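Have a look at the structure below, then the notes.
The values are calculated or read from the model by the stated rules, or taken from the named source; none is laboratory data. Source: prediction; values computed, not measured. Don't worry about glycine lacking a Cβ; one is built from the backbone with ideal geometry, like all the others, and counts go over all protein chains shown.
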Amino acid sequence: MVPAGLSIAASTFDVGQFEQNIVEFLDGNVVGYAYAMNQNGALATSGADGDARTAADGQADFQADTRIEVASVSKTVTAVAVLKLLQDQNISVEDKIWPYLPTAWQSDMGPNITDIEFNDLLKHESGFRTSANSYEALQELISDGVDSDDYGDFQYLNANYTLLRVITPYLWRILP
């Protein structure tokens, strides 16, 4: 409640100002970009600038409708989702992942899988050394296990986050 005699100016979101801020921030700081902004359920503005591909890859300008692979950007979204679910369930990043693997996988876990913690996947320190980008390939990765000499050593490997994306629904299901 606003005390008598005081007024509060209504604030509104200025799409044009927001667009200007984004463009000023990105110009000169990235190779290329595209953006689209909706307001009240409709496209308010969009734009693009820079290179979608540099000369080394066959130069192409970014357009507002340029399609790109999100690639490792999805790792950030995955990490946030997993960390939020762990927090909500009072599960530590140092807890083991195996109880949250698909049930069918738990009967065929290879060496050292029961040692892997959420933190290991988040930091790419699980010990996995093979790429696995499908459900079946991940199941095989779990079945093969990891070498104890590799466990805890950093190796950037998409399989770590692909496995986190498989585990996420199992974390979600235990929510009250």
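Quick rundown of the values:
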item: So V93, is it among the β-branched types (V, I, T) and touching a helix residue (DSSP H, G or I) at 6+ places or on another chain (Cβ under 7 Å); result: yes
item: Residues (in a strand (DSSP E or B) and either under 16 Å from F62 (Cα atoms) or not small (G, A, S) (or both)) located in region 21-44; result: G32, Y33, A34, Y35, A36, M37, N38, Q39, L43
item: Lone unmet requirement of (1) without any contact (Cβ under 8 Å) to a residue 12 or more places away in the chain; (2) closer than 30 Å to Y35 by Cα for D61; result: (1)
item: Residue count, region 124-136 (criterion: surrounded by 14 or more Cβ atoms within 10 Å (Cβ to Cβ) and either among the basic types (K, R) or without any contact (Cβ under 8 Å) to a residue 24 or more places away in the chain (or both)); result: 1
item: Some residue of region 63-82 being in a loop (DSSP other than H, G, I, E, B), among the polar types (S, T, N, Q), more than 18 Å from V166 (Cβ to Cβ) and at pLDDT 90 or above; result: yes
